[in-house]
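Working notes, structure below.
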Amino acid sequence: DAHNNLATAYVRQGNTEGAIRELREVVRIQPGNLSARCRLADLLCAAGERDEAVRQYREVLRIQPDYAPAVNGLNAATTR
């Protein structure tokens, strides 16, 4: 929870790099945390790291194929 909360604080401050770092840690600790993976992918995409964002979205969809935030994020990341 601490890493998630810190990521949220970083996003509010406009510190995308810090938020990405914290969400990577959440995903490392909790690989099945789909929400954190999608948040990470969204931030990676916004930061121009689309290849890694696509990998994160695809991992979410491997775990849960109908996870709407990942479906939408993947569609957005691959059509830009």
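Quick notes on this one:
- Projecting label points 7 angstrom from Cα along Cα→Cβ for R21 and A68 puts them 3.5 nm apart.
- Folded to 0 to 90 degrees: helix 68-79 orientation relative to the chain principal axis, Cα: 80
- Stretching the chain fully between L61 and S35 yields a gain of 8.2 nm (0.36 nm per residue, less the alpha carbon separation).
- Rg/Rh for the chain, where both radii come from Cα atoms and Rh is the Kirkwood radius: 0.95
- Carbon/sulfur fraction of accessible area - the chain, other protein chains in place, 1.4 Å, %: 47
The values are calculated or read from the model by the stated rules, or taken from the named source; none is laboratory data. Quick caveat: nothing in here was measured; it's all calculated off a predicted structure. All Cβ positions, glycine included, derive from the backbone under ideal geometry; neighbour counts span all protein chains shown. These area figures cover heavy atoms from the full protein model, side chains too; ligands, DNA and RNA do not enter into them. Shrake-Rupley method; radii C 1.70, N 1.55, O 1.52, S 1.80 Å.
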